[in-house]
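Have a look at the structure below before the remarks.
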Amino acid sequence: PLPVARPVAFAANRARSMRAPGIAAWRAQGHAFFFNYTLGTEEPVHYGLFADAAAYPTAALRITTPTLLIHGRQDETVPAEQSSAMAERHPAITLHLIDADHALTDALPTLWSLITAWAGLNAPTPGP
């Protein structure tokens, strides 16, 4: 399996949006509910994800493997500025800001084109 990047901004984003009382309640309950874009429902997320993500400072991250990062300009969950700053710090990142929200589902043809071009594939865009 491919390695999965740690959610380096996840902890900072949650701390900012939930504030200290919300984080304390998450820790005490063991889980909090967040919207799952794949399922379209609120799903429980274990506090361990937050605790683990908080243990890895973004400043220490070094990305040297070529990485494609696609971020929606209308994303209200994760600010696009975070991806822009990440790409500025790491020349191995190719960043594309596209007209989409956090789920990116309204931009599937664009995603397909960007991914196949970046990967060097000559693949036609799938139909609906």
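For this structure, a couple of remarks:
Listed here are the residues, each with its yes/no results for (1) of a type in the set (Gly, Ala, Ser); (2) in contact (Cβ under 8 Å) with a residue 24 or more places away in the chain; (3) touching a Cys at 6+ places or on another chain (Cβ under 9 Å).
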position	(1), (2), (3)
66	no, yes, no
69	no, yes, no
100	yes, yes, no
106	no, no, no
109	no, no, no
116	no, no, no
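- One residue from 104, 108, 114, 121 being of a type outside the set (Phe, Trp, Tyr) and within 16 Å of the chain's Cα centre (by Cα): 104
- For the condition under 18 Å from residue 72 (Cα atoms) and aliphatic (A, V, I, L, M), residue 121 does not qualify.
- Among residues of the range 1-35, those that are part of a loop (DSSP other than H, G, I, E, B) and modelled with pLDDT under 90, counted: 9
- Among the candidates 77, 58, residue that is within 25 Å of residue 15 (Cα to Cα) and in contact (Cβ under 8 Å) with a residue 60 or more places away in the chain: 77
The values are calculated or read from the model by the stated rules, or taken from the named source; none is laboratory data. In this text, all values refer to a predicted model and were calculated from it rather than measured experimentally. Neighbour counts run over all protein chains shown; Cβ positions are idealised from the backbone, glycine included.
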